[in-house]
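Below is one structure, written out as structure tokens; comments come after it.
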Ligand code: DC
């Protein structure tokens, strides 16, 4: 069974996807990490996020895997067999991932990889921007997770400062706005809810409360 969670940056998709997957004894597919790995590799190899041919070539050989460590909710992201850690979570890589993900040929190449990874476990919780609309249109349950932009920026700010990054809330909000605009206005697979997605607003909810709602919905779907 595939469960999809789409939504803007900072809505809490990763946290909620991990908790939901743990509850369902399933696997998380963090598709943003795939775009981020491509962005990181492009930086390392000096390929511009505007160089579509160069990116397509790299994407067709991209070796991204997710390793689940027992007792740990967050899977380890491996690029060419090596853990990438926080290197894919920097503001620079975030912006590059957003820019290169707007290219249709790049998305087309990464589609196969995402579908393959999505079928590598019995229960998969896939999170991203176009899981319910493009990649897994026939998913068993679909969610679109939103939250107030200021609350999303505050969460991201807390996360970055906890990792020792020196940022201001204003910068985080501005970068988030830029990424939201680009991700939702691009021509191909823009961020939008699937017609059959259940909308969840996480602004005033804890991750556990969000997961509870989703879990109940998944159970209802399974009973149908
Ligand atoms: O979810 P994230 O913030 O890790 O994603 C990073 C970027 O990757 C995001 O700005 C847009 C792109 N992305 C995408 O276009 N489609 C997805 N399914 C997931 C991410």
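The values are calculated or read from the model by the stated rules, or taken from the named source; none is laboratory data. Not measured: the values here are computed from a predicted model. With ideal geometry, Cβ positions are generated from the backbone for all residues, glycine too; neighbour counts draw on all protein chains shown.
Checked against (1) more than 13 Å from the ligand (Cβ to nearest atom); (2) surrounded by 15 or more Cβ atoms within 10 Å (Cβ to Cβ); (3) in contact (Cβ under 8 Å) with a residue 24 or more places away in the chain; (4) not in a loop (DSSP other than H, G, I, E, B), residue 121 meets all criteria but (4). Taken together, the criteria exclude residue 107 from residues that are within 12 Å of the ligand (Cβ to nearest atom), closer than 21 Å to residue 18 by Cβ, touching a residue at least 12 places away in the same chain (Cβ under 8 Å) and part of a helix (DSSP H, G or I). Determine, yes or no, whether residue 196 is more than 16 Å from the ligand (Cβ to nearest atom), surrounded by fewer than 13 Cβ atoms within 10 Å (Cβ to Cβ) and farther than 19 Å from residue 123 by Cα. Yes, satisfied.
Regarding residue 83, is this residue surrounded by fewer than 21 Cβ atoms within 10 Å (Cβ to Cβ), within 13 Å of the ligand (Cβ to nearest atom) and more than 19 Å from residue 208 (Cα to Cα)? Answer is no for this residue.
Within region 21-64, being touching a residue at least 40 places away in the same chain (Cβ under 8 Å), more than 16 Å from the ligand (Cβ to nearest atom) and either surrounded by 22 or more Cβ atoms within 10 Å (Cβ to Cβ) or within 17 Å of residue 110 (Cβ to Cβ) (or both) holds for one residue alone: 60. Within region 130-148, the set of residues being out of contact with any helix residue (DSSP H, G or I) (no Cβ under 7 Å at 6 or more places or on another chain) and either without any contact (Cβ under 8 Å) to a residue 40 or more places away in the chain or over 21 Å from residue 183 (Cα atoms) (or both) comprises just one member, 138. Looking across region 172-224, the residues that are in a helix (DSSP H, G or I) and touching a strand residue (DSSP E or B) at 6+ places or on another chain (Cβ under 8 Å) come down to 210, 213, 214, 217, 218, 221. Would region 88-101 turn up any residue that is at pLDDT 95 or above, over 15 Å from the mean Cα position of the chain (by Cα) and either near the ligand (Cβ under 9 Å from one of its atoms) or surrounded by fewer than 20 Cβ atoms within 10 Å (Cβ to Cβ) (or both)? No, region 88-101 has no match at all. Say whether the condition of being farther than 20 Å from residue 11 by Cα, within 14 Å of the ligand (Cβ to nearest atom), surrounded by fewer than 20 Cβ atoms within 10 Å (Cβ to Cβ) and within 16 Å of the chain's Cα centre (by Cα) is met by at least one residue in region 135-148. No, every residue in region 135-148 fails to be farther than 20 Å from residue 11 by Cα, within 14 Å of the ligand (Cβ to nearest atom), surrounded by fewer than 20 Cβ atoms within 10 Å (Cβ to Cβ) and within 16 Å of the chain's Cα centre (by Cα).
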